[in-house]
Structure formats: structure tokens, C-alpha cells
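All of the numbers you see were taken from the coordinates with simple rules; none came from a lab. This structure is a prediction, so every number in the text was calculated from the model and none was measured. When we count neighbours, we look across all protein chains shown, and the Cβ atoms used for this are built from the backbone with ideal geometry, even at glycine.
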Amino acid sequence: MSNPSYILGIETSCDETACALVDAQGRIAANEVASQVDLHAQFGGVVPEVASRCHVEVCLPLIETMIERSGIGWDEVSGVAVTWGPGLIGCLLMGLETAKALAWSKNKPLYAVHHLDAHLFAPYLTPNLENAAHLLVEDGKENFVLPNGDDASSRTPEYPHVGLIVSGGHTALVWVRGPGRTELIAQTLDDAVGEAYDKVARVMELGYPGGPVVDRLAAKGDPKRFEFTRPLMKSGRPGFSFSGLKSALARKVEAVTDGNGNSQLGPESPLVWDLCAGFQAAAVDVLVSKSIREAADRESRDLVVAGGVACNSGLRRAMTEAGVSGIRVWFPHPSLCTDNAAMIAGLAWHLEPLDAEAALELNPQASLAFGASV
Ligand code: KG4
Ligand code: ZN
């Protein structure tokens, strides 16, 4: 029997340095994420220059340690996959140059992977964590499934389907024809939803990143105390807008501040809990109704929710409570919603590798359209 074979994935598009080894069935053999959150928290957001310097220091040692610990030899690695966009240009460059150098020196083919296509591939991966599974919402019921399970729970989304990408940099509805074969349906006209979460958290003095904190505090608050309009909800158009929602929250915070800096803000404030609950209810309402409408219009049996905000408990609950029959909604395991390299390596198995010359000439792309090729 021949040795199993793995693709090495590398991801450095924002503030996470990540590497992973994934086999052709999407089974994750190793998955390392070195987060820079503590580094950026003092600035209240990602500082691109600081992020790229950190990638330089962390990337290669992280890969070397992972390979050593995994017991997988370079002879079992069939290729190197790397995010080439979209993302912060300096950050992408660090991962890309590392990947090029490794592919060249180890004589392996290089795969250029679209970060957002990779997010959408997450439910086809099998995590290497105990009891980790993807959430599948079907007819208002929650099931936990894995692609390579050995029973009825072994399921994956069918192609084509609608994908909802909700991350710190992007909010978009896409038509997913196959692995890495995507077309944009509509996107946000201004802020990404994760960006809005991070910004409102800053206004309420909740630290960085804001999404997980706002999500946690929203569960304690009353979503009806503060009224937030649902942006573009009734327009009938599939696009999103979150900047108005963010400003509406900032205005409410101003209104309840006493002008002496004594603003009752921070995570212990019941007022903040109610603001979080109101904001989250509005954001989630828009995401759920627009994505379900799109899936229904296109007769898409599956709807895949991907990106960091797919961790959001309010979004998961609202999709379950929507109880739509005929549409199955997929949420990857939270460890595979936020940035990781397993999704990069897993998707690469379905792509063509670059030839040696194209590999050496590959440049990172800060913005990269869906469906773009090298
Ligand atoms: O996909 P991701 O890791 O990075 C990008 O490609 O942008 O997403 C990061 C974003 C951040 O804005 C973070 O605040 C948000 O995902 N996020 C959440 C939650 N967990 C992470 N937003 C809302 N609720 C959460 N539980
Ligand atoms: Zn991402």
C-alpha cells in the first residue's frame, strides 16, 4: 500500500499565522493557528505592518514544529498550498514567499488558493479534534455531521449551492458551483459584518476582537430595549449594508453617555448587554432572511455559512428557529470558521497546481474577485 499523502496549507492573509496538513479526503492530520490577537488588542484592531512582521517571525517555525510533531515526512507531502488573496498585502506576501521557498526547495508543486473559496470549503473537512463536528440545520432541527463519518451522519453539502460568507473583511452571497468554483451574487455596500461587530465593540469599550464578546453579552441582554432598523431588509435586493447599523449603535451610546466619561460602558454594564442584543438581533435578522431568500429563489438545497461570524451563536440559533424546510443550513465547526490553513490545504486538492514558472512568479492580491484565476 502506498503512503498516505498530504497537502501542506499556509494561511497568513490577516492576523492569524496558520499551517495544516490535510489528506485528499479532507481529513485534517495537523492544524496549527498562531493568533496575533494579543498583539493587536492594544491598538484596538489589526495593524497591517505589525501583522506582517509577526508572520515573518512565526510562519516557518510554526510549519517546522507542526511537521515534526505530526510524524509526517516531507516524502508524504504532495504539494504546498497558500492563500494568494484577498487579504492584507504585506501579510499575504509573507505566507506566499514562505510557500514558494518551501515548494521550490522540497521540489513540490504550489497551489494558489482563494481565501474566501477556502472558507466555503470548511464543511468538507474532518477536524482532528475530539468530538468536533459541523452543525447541520435541517427542518428546524440541529444535527452534528462529519464528511467522513461511518454512519448516517456522514454528509456534505451538494453542489451547486448558495454560500454566505461572513467574516471580518467580507460579507457576501455567492453561488458555489463546485470546490473553488464561485460567482459573486451580492456583497456588502460598506462594512463587513465582522468589521461592524469589531467597531461597535470598541465603541462599547469591549476590546478586540469584538465579535465573540458582543455575541456573549448579547445573550444576557434584551434585544427589544433598543430599536435598530434592518438595513436593506425590505429592498428585495440581495446586497448588505452594516455601516448604518454600526453608526446607529454609536449614536445610542452617545445618547446614554453623561458627558463626563462616565458612560456605564464595558462588559459588566446591563446597558451594554441590551445594546449588544439589539445590534446582534438586527445583524442576524438581515443575514438569515437574505440568505434564505436567495437559497429559495435559486432552489438551492444547501446553504453554507462560512467565515469568522459563522461562529456566532445568535446566527446559528436564528437559522434553526427559522426552521425552513427544504433548505439545509451548514455551519462549519467553529475552529474551521475563523481563519485556518486546513481549509487552504483541503481546497487545494480540488485545484490544478501551478507550473514551476507560474509558481515562482505568483504575486499576492489584496483584492481578488470570485472566480479569478492566476
Ligand atoms: O474569517 P475570519 O477569521 O477573518 C477574516 O477573514 O476576516 O473572521 C474574523 C471576524 C472578526 O471580525 C471577528 O470579530 C468575527 O469574525 N467573529 C465573530 C464571532 N467570532 C468571530 N463575530 C460575531 N460573533 C462571533 N461569535
Ligand atoms: Zn477569513
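Descriptive notes on the structure:
- In this simple spin-label approximation, Ala41 and Ser243 carry label points 7 Å from Cα along the Cα→Cβ vector, and these lie 3.0 nm apart.
- Extended-chain gain in nm, criterion 0.36 nm per residue less alpha-carbon gap, Glu361 and Glu64: 104.5 nm
- Separation of the Gln25 and Val50 label points, Cα + 7 Å toward Cβ, nm: 4.3
- Gyration tensor (alpha-carbon) shape descriptor, the chain, a/c threshold 1.5: prolate
- Residue order, fewest to most beta carbons within 10 Å, for Lys234, Lys100: Lys234, Lys100
- Distance between the 7 Å Cα→Cβ label points at Arg177 and Ser373: 1.1 nm.
- Average Cα contact separation per residue, the chain, under 8 Å, 6 or more apart, as relative contact order %: 25
- Order of His350, His55, His161 - criterion: other Cβ atoms within 10 Å of each residue's Cβ, fewest first: His350, His161, His55
- Degrees between helix 89-105 axis and first principal axis of the chain (Cα, 0 to 90, nearest 10): 20
- Cα centroid of segment 207-249 to Cα centroid of segment 328-360, whole Å: 30
- Each residue of segment 46-52 is assigned a 3J(HN,Hα), and the resulting list reads 6, 9, x, 5, 5, 4, 5 Hz, derived from the Karplus form 6.51 cos²θ - 1.76 cosθ + 1.60 (θ = phi - 60°), x at Gly and Pro.
- Shape call, segment 133-208: gyration tensor on alpha carbons, a/c limit 1.5: oblate
- Selected from Ala283, Pro267, Ala101, residue furthest toward positive end of dipole (the chain; charges at beta carbon): Ala283
- Helix 313-322 and the longest principal axis of the Cα set of the chain meet at an angle near 80°.
- Mean residue ellipticity, 222 nm, helices only, the chain: the sum of -39500 (n - 2.57) across DSSP H runs of n ≥ 4, divided by residue count and rounded to 500, is -11500 deg cm²/dmol.
- For segment 73-210, the gyration tensor built on C-alpha atoms gives an oblate shape. Its axis ratio a/c (a ≥ b ≥ c) is at least 1.5, and a/b is not larger than b/c.
- Cα centre as origin, Lys/Arg/Asp/Glu Cβ charges: the chain dipole, Debye: 1000
- Computed magnitude of the charge dipole of segment 249-374 (debye, nearest 20; Cβ of K, R +1, Cβ of D, E -1): 520
- Unit charges at the beta carbon, dipole of the chain: most positive-side option, Phe240, Pro86, Leu336: Phe240
- Residues of segment 188-221 with amide N under 16 Å of the 7 Å Cα→Cβ point at Glu268: 205-207
- In the chain, the longest principal axis of the Cα atoms and the axis of helix 243-256 are about 40 degrees apart.
- Each Cα pair of segment 284-374 feeds into the Kirkwood radius, which the Stokes-Einstein equation turns, at 25 °C and 0.890 mPa s, into a diffusion coefficient of 156 µm²/s.
- Sorted ascending by nearby beta carbons within 10 Å, beginning with the fewest, Tyr159, Tyr6, Tyr208 become Tyr159, Tyr208, Tyr6.
- Computed E for Glu57/Leu184 - FRET, C-beta separation, R0 45 angstrom, nearest 0.05: 0.80
- Think of each Lys and Arg Cβ as +1 and each Asp and Glu Cβ as -1; about the Cα centre, that makes the dipole of segment 186-252 roughly 280 debye.
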